[in-house]
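In what follows, a single structure is set out as structure tokens and then discussed.
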Amino acid sequence: MSAGQLVPKTSALDPKLLGGEFAVPVFIIQGAEDFTTPTSLAKAYLNSLRAPRKAFATIDGAGHFSVFTKQDAFLKELKARVLPLMR
């Protein structure tokens, strides 16, 4: 299984080396049970970024494809975090 090879390697990466600077807000919304992209790694990545605004949200009961499996919860997070910036 590819995850058995990939997860140990991605977990060992230094998030500071992955970071960058963005001129736009950055939001990560993912399933709380996402085993493809571990929550700890995604949070570390977001923390390494510089952006005018950034936030991390998890969707309970969802995995890697939360945008498809928990559409209502995903849309709720988008509306709460992104929509206010559009006004």
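The values are calculated or read from the model by the stated rules, or taken from the named source; none is laboratory data. These numbers were taken from a predicted model, which means no experiment stands behind them. FYI the Cβ positions are ideal-geometry reconstructions off the backbone, even for glycines, and counts take in every protein chain you see. Note: areas computed on protein heavy atoms with side chains; ligands, DNA, RNA excluded. Shrake-Rupley method; radii C 1.70, N 1.55, O 1.52, S 1.80 Å.
Give the residues of segment 22-39 that are over 18 Å from Val67 (Cβ atoms) and modelled with pLDDT under 90, sorted by residue number.
Scanning segment 22-39 gives no hits.
Does segment 67-84 contain any residue that is at pLDDT 90 or above, open to solvent by less than 60 Å² (accessible area, probe 1.4 Å) and not aliphatic (A, V, I, L, M)?
Looking for residues that are at pLDDT 90 or above, open to solvent by less than 60 Å² (accessible area, probe 1.4 Å) and not aliphatic (A, V, I, L, M), one finds at least one in segment 67-84, hence yes.
Is one or more of the residues making up segment 10-17 modelled with pLDDT under 90, touching a Ser or Thr at 6+ places or on another chain (Cβ under 7 Å) and open to solvent by 80 Å² or more (accessible area, probe 1.4 Å)?
So far as segment 10-17 goes, yes, one or more of its residues are modelled with pLDDT under 90, touching a Ser or Thr at 6+ places or on another chain (Cβ under 7 Å) and open to solvent by 80 Å² or more (accessible area, probe 1.4 Å).
Taking Asp60 as meeting all but one of (1) at pLDDT 90 or above; (2) more than 14 Å from the chain's Cα centre (by Cα); (3) open to solvent by 90 Å² or more (accessible area, probe 1.4 Å), write down the number of the exception.
Evaluating Asp60 over (1) at pLDDT 90 or above; (2) more than 14 Å from the chain's Cα centre (by Cα); (3) open to solvent by 90 Å² or more (accessible area, probe 1.4 Å) leaves (2) as the failure.
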